[in-house]
Amino acid sequence: ILLLYHVSIKRHDEKIGTLFVYRDITAEYEVDQMKSNLVSTVSHELRTPLASVLGYTELMITKDLKPERQARYLQTIHQEATRLTNLINDFLDLQRMEAGKEEYVKEKQPFTPIVEQVIENFQSTNTNHNLVLQQNSAYDHVSVDRDKMIQVLTNLFSNAIKFSPEGGDVVVSVQQQEHQLYVHISDEGIGIPDQELGRLFQKFNRLDNSSSRKIGGTGLGLAICKEIVEAHDGKIMVRSAEGEGSVFSIVLPLVEADKHFQSEVECGR
Ligand code: ADP
């Protein structure tokens with residue numbers, strides 16, 4: 001976005017030229033955009049759960065309710081308070097990461113067991129999607145903070161599930177390409193329009209489609225994923241076709257295995 005200034009140059013009241021000054025205000029515009037996204041997220045995402053916590057507690061205090069109804073209200077209060085806590089935690093996590101204050105405990109380890117762990121976690125709670133692991137890499141040792149990678153994969157899986165129809169496949173493939181490990185997470189969901197792809201990893205960015213509005217979220221998950229992956233000298237990317245599905249990819253540098261791991265690889269593990 002360019003702002004154009006015209007400046008007339010005069011000598012003794014006689015115009016001798018015009019100076020055109022262009023100022024690129026894209027960055028300012030983006031900051032403004034982010035601030036207004038922040039305000040709308042804060043007002044919506046914080047006030048909505050609080051309003052329902054207040055509403056239900058008020059009912060419980062003032063009305064003589066049957067135990068079943070009380071139990072239902074308590075469940076809603078708990079759900080809404082959890083949503084609020086998640087938002088605040090995500091927000092603080094991201095602040096810490098952006099300030100470079102997050103501590104990463106990186107250890108050399110194979111990546112596939114981390115993927116398997118996350119798949120297992122999802123399989124125990126979600127039976128509506130088929131989670132499939134395609135392991136195409138004989139060698140997958142990376143130096144990572146295991147918990148942080150679980151956080152990244154959990155967020156990508158949860159988006160893949162949230163934004164795709166029940167019964168759909170979510171396929172995770174782990175591939176080695178030269179000195180890098182590629183992890184692709186593909187879904188058969190609603191997809192993302194081309195013009196949105198560029199700013200998908202910015203915080204508080206949620207697509208303005210009916211699914212995103214209906215499905216809860218903070219718009220912080222992908223920004224957190226990007227921070228974590230980049231803190232591991234990696235990259236996160238997305239390809240998508242509207243109505244067909246999306247593929248989120250993480251690229252991490254492979255590291256040489258310790259002797260112990262090396263012998264496992266050589267033994268044809
Ligand atoms: P949240 O899911 O909490 O809104 P994210 O940062 O994880 O926040 O995602 C931002 C937005 O990107 C989502 O609201 C959604 O509009 C879009 N999105 C993310 N993942 C997918 C996906 N797999 N398919 C379609 N849209 C997606």
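With every protein chain in place and a 1.4 angstrom probe, the accessible-area ranking of Lys148, Lys108, largest first, reads Lys108, Lys148. Membrane-span-like helices of the chain, defined as complete DSSP H segments with a Cα extent of 27 Å or more along the helix axis and a mean Kyte hydropathy of at least -0.5, are absent. Placing +1 on the Cβ of every Lys and Arg and -1 on the Cβ of every Asp and Glu, with nothing else charged, gives segment 12-70 a dipole about its Cα centre of roughly 460 debye. Give me the net charge of Gln95's neighbourhood, meaning all other residues with Cβ under 12 Å from the Cβ of Gln95; Lys, Arg count +1, Asp, Glu -1. Neighbour charge sum, excluding Gln95 itself: -2. Mean separation of Cα pairs under 8 Å and 6 or more residues apart, divided by the residue count, gives the chain a relative contact order of 16 percent.
Surface analysis of the chain yields an accessible area of 61 Å² per residue, using protein heavy atoms and a 1.4 Å probe. Ignoring any ligand, DNA or RNA, what whole percent of the accessible area of the chain comes from carbon and sulfur when the probe is 1.4 angstrom? That fraction is 51 percent.
Set against the 2.2 N^0.38 Å expectation for a compact globular protein, segment 15-161 has a Cα radius of gyration ratio of 1.62.
Here the label points at Ala241 and Val7, each 7 Å from Cα along the C-beta direction, are separated by 5.2 nm in the simple model.
With a threshold of 23 Å on the Cα-Cα distance, the over-threshold entries among Lys101/Lys226; Lys203/Lys235; Lys101/Lys148; Lys108/Lys203; Lys106/Lys162 are Lys108/Lys203; Lys106/Lys162. Across segment 1-62, C-alpha contacts under 8 Å between residues 6 or more apart give a mean separation that, scaled by the residue count, equals a relative contact order of 25 percent. Only helices enter this figure: runs of n ≥ 4 DSSP H residues, each worth -39500 (n - 2.57), summed and divided by the residues of the chain, yield -14500 deg cm²/dmol at 222 nm to the nearest 500.
The values are calculated or read from the model by the stated rules, or taken from the named source; none is laboratory data. As the structure is a computational prediction, the values presented were derived from the model and not from experiment. Using ideal geometry, Cβ is built from the backbone for each residue, glycine included, and neighbour counts are taken over all protein chains shown. Ligands, DNA and RNA are excluded from the accessible area calculation, which covers all protein heavy atoms including side chains. Shrake-Rupley method; radii C 1.70, N 1.55, O 1.52, S 1.80 Å.
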